[in-house]
1. If the requirement is being under 24 Å from the mean Cα position of the chain (by Cα), at pLDDT below 95 and among the small types (G, A, S), which of these qualifies: A95, A87?
2. Check off (1) surrounded by fewer than 16 Cβ atoms within 10 Å (Cβ to Cβ); (2) in contact with a helix residue (DSSP H, G or I) (Cβ under 6 Å, 6 or more places away or on another chain) for T151 and give me the number that stays unchecked.
3. Among the residues of segment 87-100, is there at least one that is touching a Phe, Trp or Tyr at 6+ places or on another chain (Cβ under 8 Å), under 23 Å from E185 (Cβ atoms) and either β-branched (V, I, T) or part of a helix (DSSP H, G or I) (or both)?
4. For segment 68-85, how many residues meet the condition of being under 14 Å from Q118 (Cα atoms) and in a loop (DSSP other than H, G, I, E, B)?
5. Any residue at all in segment 104-120 that is among the hydrophobic types (A, V, I, L, M, F, W, C), more than 12 Å from V207 (Cβ to Cβ), modelled with pLDDT of 95 or more and surrounded by fewer than 18 Cβ atoms within 10 Å (Cβ to Cβ)?
6. Would segment 177-185 turn up any residue that is assigned to a helix (DSSP H, G or I) and surrounded by 15 or more Cβ atoms within 10 Å (Cβ to Cβ)?
7. Report whether or not V79 is under 22 Å from S156 (Cα atoms) and either of a type in the set (V, I, T) or crowded, with 20+ Cβ neighbours inside 10 Å (or both).
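The values are calculated or read from the model by the stated rules, or taken from the named source; none is laboratory data. For clarity, every value in this text was computed on a predicted model and none was experimentally measured. Note that we place each Cβ from the backbone using ideal geometry, even for glycine, and neighbour counts take in every protein chain shown.
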Amino acid sequence: MFCRNVFCAFSLFFFAVLSHAAANDQNLRQLVRQQSATIESLNHEVLRLNQELEGAGGSFEDLRGAQLQIEKNLAAPIVRGDVKVTADRRGLIIAVLDHALFDPDEAQLTTAGEEILQKVALTLSGGLAKNPVMLEGHTDDQPIEGAEGVTNWEYSIGRAVAVLHYFLDVQNLAPARFGVAGYGEYRPVASNAAEEGRDRNRRVEIVIMPQRSSYELAGSSEVS
């Protein structure tokens with residue numbers, strides 16, 4: 001009788017061990033499947049990011065190539081100091097001083113200003129025809145004389161909008177590519193203490209972005 005009880009107890013213990021092992025094996029299999037799915041998902045994400053980086057790299061290469069052509073087209077105003085072409089994380093930036101585009105205290109383009117923009121439009125309708133473009137107006141810190149109720153906010157965005165209308169109405173470029181912003185006096189590139197610095201701060205920047213930056217234009221018509 002004692003042996004029979006011992007045998008039964010041992011059988012129950014062995015069955016419990018097997019059941020526990022089977023449960024552990026099932027849990028382990030489920031864990032392995034979950035980890036495999038996670039690894040596969042991560043591999044897809046790495047592949048997607050690599051493809052985006054390759055695309056962005058090519059787009060930046062296009063911008064760098066276009067910079068040389070723009071500098072050639074705008075050689076004369078660049079030498080005069082009216083235009084400066086640079087590149088940063090945003091893309092290709094063409095900064096045009098306001099006196100090269102407008103008469104003093106006006107927001108209507110001069111003939112000379114249109115000639116500069118026409119040369120920029122050659123690139124925007126050519127090699128960079130699909131790139132999004134942000135037009136950013138900037139002023140110095142001086143109040144607008146003789147314009148009651150008009151601040152540097154309105155003034156900066158008004159001049160950016162004037163450039164926008166030239167590209168849309170005269171050059172017939174696609175409106176969906178463009179965004180407009182006015183920054184007033186709050187993003188200076190030089191000191192406003194002297195006229196030379198204030199002259200440099202009064203500008204419109206034409207920012208040509210990589211193609212993959214088009215999402216940045218959503219809701220971009222703003223005064224910041």
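1. None of the other options fit; the residue is A87.
2. Evaluating T151 over (1) surrounded by fewer than 16 Cβ atoms within 10 Å (Cβ to Cβ); (2) in contact with a helix residue (DSSP H, G or I) (Cβ under 6 Å, 6 or more places away or on another chain) leaves (2) as the failure.
3. Within segment 87-100, none of the residues are touching a Phe, Trp or Tyr at 6+ places or on another chain (Cβ under 8 Å), under 23 Å from E185 (Cβ atoms) and either β-branched (V, I, T) or part of a helix (DSSP H, G or I) (or both).
4. 1
5. yes
6. Yes, segment 177-185 contains at least one residue that is assigned to a helix (DSSP H, G or I) and surrounded by 15 or more Cβ atoms within 10 Å (Cβ to Cβ).
7. No, not satisfied.
Residues are listed down the side, and each one gets a yes or a no for (1) at pLDDT 95 or above; (2) exposed (fewer than 15 other Cβ atoms within 10 Å of the Cβ):
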site: A129; (1), (2): no, yes
site: V133; (1), (2): yes, no
site: G137; (1), (2): yes, no
site: A147; (1), (2): no, yes
site: N172; (1), (2): yes, yes
site: P188; (1), (2): yes, no
site: R198; (1), (2): yes, no
site: R203; (1), (2): yes, no
